[in-house]
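A.B. asks: I'd like to ask you about the structure that follows.
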Amino acid sequence: DYLREPLRPQYHFSPEINWMNDPNGLVFHDGEYHLFYQYNPAGNSWGHMSWGHAVSADLTHWQHLPLAIPEADGIMAFSGCCVVDHHNSSGFRRGDQPAMVAIYTGHGNGKQVQNLAYSNDNGRTWTKYAGNPVLDIDNPDFRDPKVFWHEATGRWVMVVSLAKEKVVVLYASKNLKDWSELSRFGPAGVAQKSNWECPDLFELPVEGGEGKTLWVLEVDMGSGSVAGGSGGEYFVGHFDGTRFTATQEAKWVDFGRDFYAPVSWSDIPQSDGRRIWIGWFNNWQTCLVPTSPWRSCMSVPRTLSLRKTPGRDDSGGDDSGGYVLVQRPVKELQQLRVHSRSIQTHGATWPPVAVTKPGELTDRVFELETTLKPGTARSVGLRIRTGDDEFTEVGYDREPGAVYVDRRKSGNVAFHQAFAGRHEAPARVLDGEVSLRLLVDRSSIEVFINDGEAVISDRIFPSGQKPTIEVFAGDESAQVTATTLHVLDSIWH
Ligand code: FRU
């Protein structure tokens, strides 16, 4: 019973039992959002990698389905993607429904190759292609293909990683079976020291840009990320059907420690038009989190866009300087708001004062919208998931001008020495204010800053005895204002 498990996410996807890592094969087909994921059917730590499976009609409520693609003959099914083969380019169609085709990395026999599997029944059963592998360059670190249909050139394009070389390779195919190399990108950016994994490449609208779009290439690296351990970076630029060219410096995807290997959904109908992704809510460094009989959850699905901001990268030369990736929780999550109220927080200074009633949040997960007015104070913010000498603090620090999440006293931090910490995201103060949207679940917090301009995603493992929300301000000039609390329902009812 998920409702009784104190650390079980109530509105973030988690496997029923056992270990999970990267999201895989995200695809929308016939009214269903599919979520496949790296899964160990045999235990609660990494191994026997196979594809687990779940579906949702609304990106909020998930239904667990049987294992989709198992490890077989010593070949593990590593990360990859799914597409709907509308034109039957692969010949895998049976009947009139287009086939779903998974393109994934086969790991075994000392190398990594790209394989296909297909489904003719909405992803319920899968057949491995008899002609596997479809791409083999005799390389032990060649993985995580992401494929999309490129309309202008009428062909499939794959981005896939040469992990150790920190290079993304682009391939093209007419039929998903025969691939030829187009170009390479990297090494580049901030992450040149560790493995490159799980690339994604897509076009995004610029907010207020009257139809202007740019391309984003995202890559993840096993270590050395902004908050420590694994994390992602992205490049903004152009894609001409053959080559991706970055036009600005790489930027961090998320400033917390627990957002890895995000990939975006394929085949979301054009009438919807959103680009939505989800990430593994974990960090390889501290991945053995204290939960059982399952381990790991996903972030909430996030809608993506680009926003032009003034800043360091706005050099003025190329007009695509200074774009940031904006992430917002998908609007479907708002259906979980069972009760909303505004919270009066005036006059808060130090020490922090409780602004929720005793018992109001026991067993409850919530969303909080708030505005911080730093004034001249050193810091201003909130504490959530409080307990005896226990809290997770979210605030704004004037020096260095950053929003932070401090989880050093968040509960169980002792399970790994690198877990306790404080993670900062640079934040603009606009008209004297920084706006925050917090999504708090039983063992996680996601902080969306200034309408998604930066995000901090962190797991927390509170003991959860008497959770309240508290506010604080460094001096009388600072304020926490316009605070709305939304108590959220569990998706597992
Ligand atoms: C990323 C990753 C991928 C690989 C998968 C294996 O987290 O290392 O590169 O395909 O996990 O489970």
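The values are calculated or read from the model by the stated rules, or taken from the named source; none is laboratory data. These numbers were taken from a predicted model, which means no experiment stands behind them. Every residue, glycine as well, gets a Cβ built from its backbone with ideal geometry; the counts of neighbours run over all protein chains shown. Surface accessibility is based on the protein's heavy atoms, side chains included, excluding ligands, DNA and RNA. Shrake-Rupley method; radii C 1.70, N 1.55, O 1.52, S 1.80 Å.
A.B. asks: Which one is farthest from the ligand (Cβ to nearest atom), of the residues in the stretch 95-108 that are open to solvent by 10 Å² or more (accessible area, probe 1.4 Å) and at pLDDT 95 or above?
C.D. replies: Filtering first and then ranking leaves PRO98.
A.B. asks: Sticking with this one: Enumerate the strands (runs of 3 or more DSSP E) found wholly within the stretch 147-198, keeping only those where 2 or more residues are open to solvent by less than 10 Å² (accessible area, probe 1.4 Å) and within 15 Å of the ligand (Cβ to nearest atom).
C.D. replies: Counting at least 2 such residues, we get 155-162, 167-173.
A.B. asks: From the list SER320, SER305, which one is surrounded by 14 or more Cβ atoms within 10 Å (Cβ to Cβ) and either in contact with a helix residue (DSSP H, G or I) (Cβ under 6 Å, 6 or more places away or on another chain) or modelled with pLDDT under 95 (or both)?
C.D. replies: SER320
A.B. asks: For the stretch 84-93, enumerate the residues that are open to solvent by less than 30 Å² (accessible area, probe 1.4 Å) and among the small types (Gly, Ala, Ser).
C.D. replies: Answer for the stretch 84-93, where residues must be open to solvent by less than 30 Å² (accessible area, probe 1.4 Å) and among the small types (Gly, Ala, Ser): just SER90.
A.B. asks: Next question, about the same structure. Could you check the stretch 11-65 and list, in sequence order, the residues that are away from the ligand (no atom under 15 Å from the Cβ), on the phi > 0 side of the Ramachandran plot and open to solvent by 10 Å² or more (accessible area, probe 1.4 Å)?
C.D. replies: Pass one, the stretch 11-65, residues away from the ligand (no atom under 15 Å from the Cβ): 11-14, 16-17, 27-35, 53-65.
From the residues that got through so far, the ones that are on the phi > 0 side of the Ramachandran plot too are 30-31, 59.
Correct list: ASP30, GLY31.
A.B. asks: Can you name the residue in the stretch 234-265 that is in contact with a Gly (Cβ under 7 Å, 6 or more places away or on another chain) and over 15 Å from SER457 (Cβ atoms) and, of all such residues, is most open to solvent (accessible area, probe 1.4 Å)?
C.D. replies: THR245
A.B. asks: Condition test on PHE448, is it of a type in the set (Phe, Trp, Tyr) and open to solvent by 30 Å² or more (accessible area, probe 1.4 Å)?
C.D. replies: Considered against the rule, which asks whether it is of a type in the set (Phe, Trp, Tyr) and open to solvent by 30 Å² or more (accessible area, probe 1.4 Å), PHE448 comes out as no.
A.B. asks: Restricting attention to the stretch 66-83, which residues are away from the ligand (no atom under 16 Å from the Cβ), surrounded by fewer than 18 Cβ atoms within 10 Å (Cβ to Cβ) and either among the acidic types (Asp, Glu) or farther than 29 Å from SER490 by Cβ (or both)?
C.D. replies: Passing the criteria: only ASP73.
A.B. asks: Checking ALA163 against (1) in contact (Cβ under 8 Å) with a residue 12 or more places away in the chain; (2) over 27 Å from the mean Cα position of the chain (by Cα), which test does it fail?
C.D. replies: (2)
A.B. asks: Among (1) at pLDDT below 95; (2) surrounded by 19 or more Cβ atoms within 10 Å (Cβ to Cβ), where does ARG4 come up short?
C.D. replies: Result: ARG4 fails condition (2) only.
A.B. asks: Same structure again: Restricting the search to the stretch 392-445, which residues are on the phi > 0 side of the Ramachandran plot and either open to solvent by 20 Å² or more (accessible area, probe 1.4 Å) or among the β-branched types (Val, Ile, Thr) (or both)?
C.D. replies: Correct list: GLY411, ASP431, GLY432.
A.B. asks: Only one of SER292, SER271 is touching a residue at least 24 places away in the same chain (Cβ under 8 Å) and of a type in the set (Gly, Ala, Ser); which? So that I can check it myself, show each step before the final result.
C.D. replies: Numbers: SER271 fails: touching a residue at least 24 places away in the same chain (Cβ under 8 Å).
Only one candidate qualifies: SER292.
A.B. asks: Within the stretch 229-272, work out how many residues are over 13 Å from the mean Cα position of the chain (by Cα) and within 16 Å of the ligand (Cβ to nearest atom).
C.D. replies: Matching residues across the stretch 229-272 total 1.
A.B. asks: For GLY224, are the conditions met, namely being farther than 19 Å from ASN24 by Cα, within 15 Å of the ligand (Cβ to nearest atom) and surrounded by fewer than 24 Cβ atoms within 10 Å (Cβ to Cβ)?
C.D. replies: Spelling it out, GLY224 is indeed farther than 19 Å from ASN24 by Cα, within 15 Å of the ligand (Cβ to nearest atom) and surrounded by fewer than 24 Cβ atoms within 10 Å (Cβ to Cβ).
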